[in-house]
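Scroll down for the structure; my scribbles are underneath it.
The values are calculated or read from the model by the stated rules, or taken from the named source; none is laboratory data. Values in this document were obtained by computation on a predicted structure and should not be read as measured data. Positions of Cβ are backbone-derived with ideal geometry, glycine not excepted, and every protein chain shown enters the neighbour counts. Accessible surface areas use protein heavy atoms only, side chains included; no ligands, DNA or RNA. Shrake-Rupley method; radii C 1.70, N 1.55, O 1.52, S 1.80 Å.
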Amino acid sequence: MIGGEDVVGREDEAGAGSEPVRTVVVHVGDDRPARRGPRLPRRVLLAGLAVVVLIAVVVGALVLLGGSGGRHADGAGILASTRSPDAHNTLVRPDRSTGPMTGAVRLCLQQGTAPAVIEAVGPDKTVGSGWNYLGASVRVFTPSAGHSVIVSMAGYPPALPDELQPAAGFSVTTPCGDVGNGPYTELLIGLAPTGPAGGGWDGILVTYRVGGTRYVLAVGQAFVECGTAALPGYCGGS
């Protein structure tokens with residue numbers, strides 16, 4: 001064997017009286033075993049595969065759920081109400097009131113024309129524990145004499161001439177502008193006393209989505225019923 005080649009010698013007779021002819025047969029090849037790299041342990045390969053799968057799942061979830069634009073003040077985002085970040089109004093119902101009530105705030109598009117789809121409505125802060133949330137709905141109408149906006153009224157759902165639609169899933173498309181011109185979108189919130197203590201909401205959070213991004217509008221509006229509980233800052237306290 002020379003340099004990985006097998007050399008085989010053989011003498012053949014060429015004929016009578018002639019010199020023997022030596023034939024050399026060369027086998028080309030390397031009979032040395034092939035060199036292989038180090039093999040990774042099975043558990044390392046499985047762990048790497050698990051990491052790849054986890055990354056794929058996370059990326060897929062982010063694509064499906066979209067991003068989050070976060071919370072913003074009224075007047076500082078796409079969806080708005082008063083359009084004033086510093087606005088804060090308080091509606092206090094006296095303790096002699098009974099039964100459910102409806103509180104209302106305006107919703108409108110302050111930026112762009114893409115629909116703002118409402119996902120949820122809830123309190124920014126709760127006051128006391130004597131109120132129960134009944135739900136939220138939306139009406140769209142054109143204000144006129146005898147058909148005006150409301151801040152609050154007795155009962156929920158309220159007795160209004162307009163069609164009420166569930167807030168969750170509703171698409172706000174009306175632009176912000178003069179209340180007297182064009183359609184007006186009003187969010188109606190139902191609250192009811194559960195006892196004599198009183199309480200309610202201070203601030204309203206409207207979670208909504210535009211395209212693939214979720215936002216939360218914070219509206220500075222309080223709806224509180226006075227009762228037997230001490231509610232400083234709302235009912236006869238400081």
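How about the stretch 104-169: which strands (runs of 3 or more DSSP E) wholly inside it have at least 3 residues that are among the β-branched types (Val, Ile, Thr), within 21 Å of the chain's Cα centre (by Cα) and on the phi < 0 side of the Ramachandran plot?
Numbers: elements: 116-128, 131-141, 152-154.
Output list reads 116-128.
Listed residues Thr185, Thr228; which is touching a residue at least 24 places away in the same chain (Cβ under 8 Å) and either part of a loop (DSSP other than H, G, I, E, B) or open to solvent by 10 Å² or more (accessible area, probe 1.4 Å) (or both)?
Of Thr185, Thr228, the one residue that is touching a residue at least 24 places away in the same chain (Cβ under 8 Å) and either part of a loop (DSSP other than H, G, I, E, B) or open to solvent by 10 Å² or more (accessible area, probe 1.4 Å) (or both) is Thr228.
Evaluate the following for Gly130: is it over 28 Å from Cys226 (Cβ atoms), buried (at least 16 other Cβ atoms within 10 Å of the Cβ) and in contact (Cβ under 8 Å) with a residue 40 or more places away in the chain?
On the way: over 28 Å from Cys226 (Cβ atoms): no; buried (at least 16 other Cβ atoms within 10 Å of the Cβ): yes; in contact (Cβ under 8 Å) with a residue 40 or more places away in the chain: yes.
It is false that Gly130 is over 28 Å from Cys226 (Cβ atoms), buried (at least 16 other Cβ atoms within 10 Å of the Cβ) and in contact (Cβ under 8 Å) with a residue 40 or more places away in the chain.
Any residue in the stretch 61-71 that is at pLDDT 85 or above and in contact with a strand residue (DSSP E or B) (Cβ under 8 Å, 6 or more places away or on another chain)?
Taking the stretch 61-71 as the starting set, the residues that turn out to be at pLDDT 85 or above are 70-71.
If we keep only those that are in contact with a strand residue (DSSP E or B) (Cβ under 8 Å, 6 or more places away or on another chain) too, we end up with 70-71.
Scanning the stretch 61-71 turns up at least one residue that is at pLDDT 85 or above and in contact with a strand residue (DSSP E or B) (Cβ under 8 Å, 6 or more places away or on another chain).
Please find, within the stretch 162-178, the residue that is least open to solvent (accessible area, probe 1.4 Å) out of those that are in contact with a Lys or Arg (Cβ under 9 Å, 6 or more places away or on another chain), closer than 27 Å to Pro100 by Cα and not charged (D, E, K, R).
Among those residues, the one meeting the criterion is Leu164.
Can you name every residue in the stretch 206-234 that is of a type outside the set (Gly, Ala, Ser) and more than 14 Å from the chain's Cα centre (by Cα)? I'd like the intermediate steps shown before the answer.
Initially, the stretch 206-234 is screened for residues of a type outside the set (Gly, Ala, Ser), giving 206-210, 213-217, 219, 221, 223-226, 228, 231-232, 234.
Val219, Gln221, Phe223, Val224, Glu225, Cys226, Thr228, Leu231, Pro232, Tyr234 - these are the residues of the stretch 206-234 that are of a type outside the set (Gly, Ala, Ser) and more than 14 Å from the chain's Cα centre (by Cα).
Can you report the number of residues in the stretch 201-215 which are touching a Gly at 6+ places or on another chain (Cβ under 7 Å) and open to solvent by less than 30 Å² (accessible area, probe 1.4 Å)?
1
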